[in-house]
Amino acid sequence: TINGPKDSRRPRDKLLGGLLTGEFQEESCLSRYHSSLYHKPSPYKPSQYLLSKLRTYEMLHKRCGPGTRAYKEATKNLGNDQNVSRSVGECRYIVWIAVYGLGNRILTLSSLFLYALLTERIILLDQRTDISHLFCEPFPGTSWLLPLDFPLTDQLDSFNKNGSRNHPSYLCLYLIHDYEDHDKMFFCEKDQNLITQVPWLIVKANVYFVPSLWLIPSYQTELSKLFPRKDTIFHHLGRYLFHPTNEVWGMITRSYNTYLSRADETLGIQVRVLSKPAGYFQHVMNQILACTKREKILPEVAAVTNTSTSPKLISVLVTSLYPEYSEKLRTMYWEGPTSTGDMVQVYQPSQEMYQQTDKKLHDQKALAEMYLLSLSDKLVTSDSSTFGYVSQGLGGLKPWILYKPKNQTTPEPPCVKAISMEPCFLRAPLYGCQAKTVKITRFVRPCEDRLTGLKLI
Ligand code: GDP
């Protein structure tokens with residue numbers, strides 16, 4: 001057995017309130033049952049109904065997953081126009097295609113998984129990227145990886161915008177930020193009724209579309225039973241689905257045990273610079289400092305210092321593609337004392353300089369850093385970043401969000417405390433069939449960092 005890094009006397013909630021099944025071997029995926037040693041216990045309990053739904057899903061996935069008779073049956077005549085048949089037996093599927101950065105991928109996977117729960121489908125992942133080097137299998141006794149000999153593999157990359165093609169046995173859905181009215185009809189009740197009859201859904205998505213599922217009337221009752229607290233959806237589904245592989249878990253635990261576990265308080269700062277060109281900017285550095293000062297998240301550097309009798313050790317974990325933000329912060333706390341007498345230590349695990357999605361080690365570092373941020377006590381994130389959304393959701397944290405800078409100047413105020421820990425649906429359909437519901441539904445709000453986005457509260 002392993003002792004907890006922070007407080008080994010803490011009762012361990014290994015299965016996260018019943019979210020996880022105990023059916024797995026521990027060694028093959030250490031993070032699955034060890035995460036409770038690193039995350040603070042979640043104050044949010046999953047509903048009994050969600051737990052039973054997850055167990056039912058696991059059985060369905062076992063029955064329909066790769067290698068089963070049902071899967072063979074369902075793929076037999078797929079894509080073969082001559083042999084058109086809608087009925088493929090008891091199983092219906094969602095194929096997830098990996099596109100965009102890792103944060104986007106995690107959010108679309110959890111949205112589609114929820115959609116699978118609602119519609120009694122199973123989800124399978126296009127595994128041609130490095131996904132199997134990032135995450136363990138979440139469902140026992142089966143696999144969530146789409147077999148490489150899936151009949152439509154060669155066609156997966158070829159469909160695009162307005163390509164929501166209809167075919168008797170499969171349908172391609174395009175839910176990417178630049179989607180148009182035609183694709184947005186996915187969120188209409190009428191279209192959902194038609195989609196139900198199609199055995200295979202092949203989905204290209206890069207958005208967290210859960211808020212708009214709530215706005216489809218026929219799903220609302222079920223969703224309320226699954227999630228009596230609407231702001232905990234990604235928090236629960238994320239902790240259910242995403243268990244870093246042993247390689248990534250090694251990176252996470254080494255960082256945590258070396259740099260963070262002994263601190264009295266930990267702060268994560270996620271610096272994502274979305275301007276072009278990106279890199280180090282003084283106005284962004286000033287914004288970070290203005291935010292941590294204004295919100296009293298970090299002590300100030302001052303000429304006179306309080307000689308506190310019990311100074312705190314505050315560990316700051318900075319994640320960024322660029323090294324300068326953490327270097328400046330570290331230097332600042334070395335050159336001058338803090339007004340409180342507290343000690344501030346600054347750590348940045350990697351400096352990758354630019355996005356290299358689909359390079360294995362790069363993606364593993366990105367996942368390790370999202371996860372490490374989620375272990376912090378407090379969190380500061382950058383606007384509109386799915387990387388940050390994943391961290392806040394896994395950690396159950398409401399971050400301070402740094403506003404998007406305009407005209408290369410520090411915004412005032414520099415940041416805002418999030419109203420909920422849910423990710424933002426950055427490109428929600430606001431017109432069309434949902435126009436009315438969006439306006440009258442009180443549990444979806446414009447996002448703090450994007451007024452045209454929607455989030456659950
Ligand atoms: P988003 O673009 O901010 O919404 O987040 P994504 O995760 O979807 O895409 C950004 C990608 O850039 C990440 O997946 C990483 O590959 C890389 N990246 C961005 N910021 C960081 C960072 O702080 N650390 C690391 N290791 N990678 C980063």
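Data table
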| item | result |
| --- | --- |
| Efficiency of FRET between Thr56 and Ser339 - r from beta-carbon atoms, R0 51 angstrom, step 0.05 | 0.40 |
| Fraction of beta bridges assigned by DSSP in region 113-206 that are antiparallel (%, nearest 5) | 10 percent |
| Additional length obtainable on full extension of the chain from Asn286 to Asn246, 0.36 nm per residue less Cα span | 10.6 nm |
| Partner aspartates and glutamates for Lys406 [C-alpha distance under 18 Å; skip if fewer than 8 residues away on the same chain] | Asp383, Glu448, Asp449 |
| Inter-label distance for Lys328 and Lys398, nm, one decimal - labels placed 7 Å from Cα along Cα-to-Cβ | 2.9 nm |
| Whole-Å distance, taken between Cα centres, linking region 398-457 and region 301-325 | 30 Å |
| Extension gain, Leu313 back to Gln197 (0.36 nm per residue minus Cα-Cα distance, nm) | 36.0 nm |
| Per-residue Cβ neighbour rank within 10 angstrom, fewest leading, Met59, Met421 | Met59, Met421 |
| Calculated FRET efficiency for the pair Glu23/His177, C-beta based, R₀ 30 Å, to 0.05 | 0.20 |
| Length gained when the stretch Asp149-Thr258 is fully extended (0.36 nm per residue, less Cα-Cα span) | 34.9 nm |
| Modelled FRET efficiency - R0 51 Å, Glu73 with Lys417, Cβ distances, 0.05 increments | 0.50 |
| Percent of Cα-Cα distances greater than 42 Å, calculated over the chain | 16 percent |
| Within the chain, percent of DSSP bridges classed antiparallel, to nearest 5 | 25 percent |
| Separation of the Lys359 and Lys45 label points, Cα + 7 Å toward Cβ, nm | 4.7 nm |
| Exposed-loop-free span, longest in the chain, where chymotrypsin sites (Phe, Trp or Tyr not before Pro) count as exposed if DSSP calls them loop and at most 10 other C-beta atoms lie within 10 Å | 1-353 |
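Read-outs: derived from the displayed coordinates by stated rules, not from any lab. Everything quoted here is computed from the prediction, not taken from an experiment. Glycine gets a Cβ as well: all are built from the backbone with ideal geometry, and neighbour counts include every protein chain shown.
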